[in-house]
1. With the requirement that a residue be touching a helix residue (DSSP H, G or I) at 6+ places or on another chain (Cβ under 7 Å) and charged (D, E, K, R), what does region 316-330 give you?
2. Does K307 qualify as being of a type in the set (D, E, K, R), out of contact with any Cys (no Cβ under 8 Å at 6 or more places or on another chain) and outside the structural domain of N48 (by TED's automatic domain parsing)?
3. Just give me the residues in region 281-300 being touching a residue at least 12 places away in the same chain (Cβ under 8 Å), surrounded by fewer than 19 Cβ atoms within 10 Å (Cβ to Cβ) and of a type in the set (V, I, T), in sequence order.
4. Filtering region 233-270 down to residues that are among the aliphatic types (A, V, I, L, M) and either part of a strand (DSSP E or B) or surrounded by fewer than 18 Cβ atoms within 10 Å (Cβ to Cβ) (or both), which residue is nearest to the chain's Cα centre (by Cα)?
5. Output yes when any residue across region 134-155 is part of a helix (DSSP H, G or I), over 22 Å from L306 (Cα atoms) and at pLDDT 95 or above, and no when none is.
6. Please go through region 172-202 and pick out each residue that is of a type outside the set (A, V, I, L, M, F, W, C), in contact with a Pro (Cβ under 8 Å, 6 or more places away or on another chain) and touching a residue at least 40 places away in the same chain (Cβ under 8 Å).
7. Given the conditions (1) in contact (Cβ under 8 Å) with a residue 60 or more places away in the chain; (2) crowded, with 21+ Cβ neighbours inside 10 Å, and given that V160 satisfies all but one, which numbered condition is not satisfied?
Amino acid sequence: MIKLLNKVIIALAVVAVMGSANAKSLKVETHFSANQPSGEVASQFAKNVKKFSGGSLTIQLFHSSSVSGKSAEVFNSARTGIIDCDMTGAGYQTGKNAAFQFAGDVMGGYDNPYQQYGFLDHPGAQDAVDKLYNKYGMTLIGWWIPGHESLISKKALPTVASMKDFKFRSPPGMESEIFATIGAKPIVMDFGEVPTALQTGLIEGADYSSLANNFAGGFYDDNKHATYPGFHSMPADHLACNTKVWKSLKPHERGAMKAAIEIAGRTITSLVERKNVEAVKALTAQGVTLHDWSKADRATFRKAALKAWEGWKKKSPEAEQLIKMHTAYMKANGIL
């Protein structure tokens, strides 16, 4: 028995060595910094891919959009072969096709990440999303959703009315349109430009990330107000790979990628929930005021968002299809 076990161990060691010797490496880029919760989960994703593939596939991970320079350019870097895979989010690509808004940040839609994860299991949803990504030479591997985002602000934001003339950073896409209708003055700028824009006073607030990620980035040191719990935006960060690269992987390597991003998704959702609680305690202690909007104010925002959905149906056939699918899924599950 011992001899047999030793033979098995030796055989496994040989396989591992052979796998490592012939390992394929993918360049993957995220917009999150290494010290943010999302950046930490991205790093663990890379380790899991190597582990799950038996060492035949490794990930060279780049944080803070360090290759592409801007978050919105990571997708293009992947589709043109500069890197292999994009770990930012579909919302940055609405300029290509409005449907990407609804393959990422369904604003005013879901109450929690678990509801949105389930959307891809809705009949026809995965196929519709696949066709959208494939049209641009990319393949969606999976979502990892941190949860609702919290606004960063120099001024108090307790109500819808307080948004009037609020000059803040907004990502590209539908968000700026919605906030403008309730009186705010959104300025579209890249994720990486936010720290300098806040420091120089170009903006007085920002839609950046979750409370936990914002806190880890030190954004509340000089900006003493935040919206929490979040209500306005819950972007699904994605793992999307160059389709040719994806098809070149062996079946078990694709399986390793899918398993690793699924774990990353569940991990970031639960991790941010815990980190948010820790951030609330720390921020309250340092004098940051957290503004929890009333049900009435939240309803006002959702009404503005749903009105925007109707307008976005006209922007592309793919957008109309995804909006209809999200609406049907939400109604079937009692969300709308």
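The values are calculated or read from the model by the stated rules, or taken from the named source; none is laboratory data. Remember, it's a predicted structure, so these values are computed and weren't measured experimentally. Glycine gets a Cβ as well: all are built from the backbone with ideal geometry, and neighbour counts include every protein chain shown.
1. Within region 316-330, just E318 meets the criteria.
2. yes
3. T289, T300, listed by residue number.
4. Selected residue: L239.
5. Looking for residues that are part of a helix (DSSP H, G or I), over 22 Å from L306 (Cα atoms) and at pLDDT 95 or above, one finds at least one in region 134-155, hence yes.
6. E175
7. Condition (2) is where V160 drops out.
Every residue, every condition in (1) assigned to a helix (DSSP H, G or I); (2) out of contact with any helix residue (DSSP H, G or I) (no Cβ under 7 Å at 6 or more places or on another chain); (3) at pLDDT 95 or above, yes or no:
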residue	(1), (2), (3)
K281	yes, yes, yes
G287	no, yes, yes
L290	no, no, yes
W293	no, yes, yes
R302	yes, yes, no
